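All remarks here apply to the structure that follows.
The values are calculated or read from the model by the stated rules, or taken from the named source; none is laboratory data. Note that this is a predicted model, so its numbers are computed, not measured. Neighbour counts run over all protein chains shown; Cβ positions are idealised from the backbone, glycine included.
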Amino acid sequence: MNEHIEVWLWILLVMQPYNPKSKRILDRCDGDVVRAAQYIRDGCPILSEAEQMRAQRIRSGDVRKVLEVCEKNDIRIVTLEDEEYPLRLKVIYNPPILLFVRGSLDWLDDEVSISVVGTRHPDNYSVQVGNRLCSDLTKIGTVIVSGLAVGLDTVAHRACINSGGRTIGVLACGMLVDYPKESASLKEDILKTGGALVSELLPFTGTFGSYFKHRNRIIAGLGMGTLILEASSKSGCLLTAEHTIEQGRDLFCVPPHDIMSSRYSGVMPLLRDGAVPVFSYIDIVNANLYSYLRKTSYIDIMSYRAAEPKPEKAKAAKPKRAEPPAPEQEKEQTAAPDESVLSELTPQQAEIVRIIAQGAVDIDTLIMKTGISFVDANSDLIELEISGLVERGMDGFYRYPGK
């Protein structure tokens, strides 16, 4: 545990969560939490009267009580100076000075994460679209972040879990408060599948209406962009949209099923003002293409392909050839793809499947054989992977299933 954890908790108890003055004080003290605490005790001029009183009243015993509760309930405390603290969240305006966490966040910085929000009372269209988009995004390794509310938040979390992914739930209350009651089993499933629950509030803090706008900055801050599935003009999702824009991140919106319906009156102005319309998960992939390419190692594969040592078995198979030997898999018997299945694909996708069915290929070879662009090839390959028509191995080569 952080050696200064009691100092961090003392500042939180004095300043209270989501208080922007906490970060200002820390910045003035060059991030030194011990100096910051002393500056507060010495009468920092920006403190309110209530904050000054708490600085005099709160003692180490109050801090230890919080620590005991956390230890007893397997709640970890992650501060701004800890490596586990998510970098995306650290750079927003007014980041939480510490997070109460169940599960782990130490893997998040290496992943592509998208925040997904929507109304608590969605129509069937939004449920179906939300489930499909989140499932597709999860299957290509995307982490889904949402707020655990009933409705579309739950749809997003469940779609991610059911597709074998990890999801992060950002609570609007303390970790030990049963809210919303319908989410108890969802919280446990999130933890069982390697995800995390996060809150900036003390463990027994209940929910209150004015806090949601503060909580939503964390939802937006943990994602590389935010997807709004459905929102009326009075929806709290619009607060998350505001935070996303303020943080300089991509805002995605599902186009309305009915432009005359008030259900989508919050989405339409966002689309009109430049939000990215999402007709498929590919629209989100294209907006974050570099991050997805880094995650799937395409860039690394291309950068060292020429210098990469070839497998010994491949060298032994054709020792006299000047050019690098073809992978052993390419010598296997050709598998004939089902033409009825190919007829449902685009001509370009069908051609890709036919080529891969002849033998394992990497994306560079595929581009040379088809003449299509890298972006188009990557988009088609992702769709074909999700549909199960091609498989990508750890070596970066694509194969026809069963070969």
Exercise. For residue 320, which of the numbered conditions (1) closer than 30 Å to residue 85 by Cα; (2) basic (Lys, Arg); (3) modelled with pLDDT under 95 fails to hold?
Worked result: (1)
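Can you tell which of 64, 88 is surrounded by 18 or more Cβ atoms within 10 Å (Cβ to Cβ) and either under 23 Å from residue 173 (Cα atoms) or of a type in the set (A, V, I, L, M) (or both)?
88
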Exercise. Being surrounded by fewer than 17 Cβ atoms within 10 Å (Cβ to Cβ), among the hydroxyl-bearing types (Ser, Thr, Tyr) and closer than 24 Å to residue 280 by Cα, is that true of even one residue in segment 390-402?
Worked result: no
Exercise. Could you say whether any residue in segment 212-225 is in a helix (DSSP H, G or I), more than 27 Å from residue 129 (Cα to Cα) and in contact (Cβ under 8 Å) with a residue 60 or more places away in the chain?
Worked result: yes
For this session: Count, please, the residues in segment 169-186 that happen to be touching a residue at least 40 places away in the same chain (Cβ under 8 Å), within 17 Å of the chain's Cα centre (by Cα) and more than 12 Å from residue 207 (Cβ to Cβ).
Result: 1
Problem set entry | Filtered residues of segment 35-49 (kept if surrounded by 11 or more Cβ atoms within 10 Å (Cβ to Cβ) and under 20 Å from residue 4 (Cα atoms)) | 35, 36, 37, 38, 39, 40, 41
Seminar exercise, completed: When segment 257-294 is checked residue by residue, the ones that are aliphatic (A, V, I, L, M) and under 19 Å from the mean Cα position of the chain (by Cα) are 275, 276, 278, 282, 284, 285, 287, 289, 293
Exercise. Which condition number in (1) at pLDDT 95 or above; (2) surrounded by fewer than 15 Cβ atoms within 10 Å (Cβ to Cβ) is the one that residue 259 fails?
Worked result: (1)
Seminar exercise, completed: In segment 227-246, residues that are surrounded by fewer than 18 Cβ atoms within 10 Å (Cβ to Cβ) and either within 13 Å of residue 275 (Cα to Cα) or charged (D, E, K, R) (or both) total 4
Exercise. Restricted to segment 103-123, and to residues that are of a type in the set (Ser, Thr, Tyr) and part of a strand (DSSP E or B), which residue is farthest from residue 216 (Cα to Cα)?
Worked result: 113
Exercise. Does residue 269 satisfy being closer than 30 Å to residue 123 by Cα, modelled with pLDDT of 95 or more and part of a helix (DSSP H, G or I)?
Worked result: yes
Problem set entry | Filter result for residue 135 (outside any loop (DSSP other than H, G, I, E, B) and crowded, with 24+ Cβ neighbours inside 10 Å) | no
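Quick test for you: out of 83, 3, 71, pick the one residue that is part of a helix (DSSP H, G or I) and within 30 Å of residue 169 (Cα to Cα).
71 is the lone residue from the list that is part of a helix (DSSP H, G or I) and within 30 Å of residue 169 (Cα to Cα).
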Exercise. In segment 288-297, is there at least one residue being part of a loop (DSSP other than H, G, I, E, B), at pLDDT 80 or above and closer than 30 Å to residue 110 by Cα?
Worked result: yes
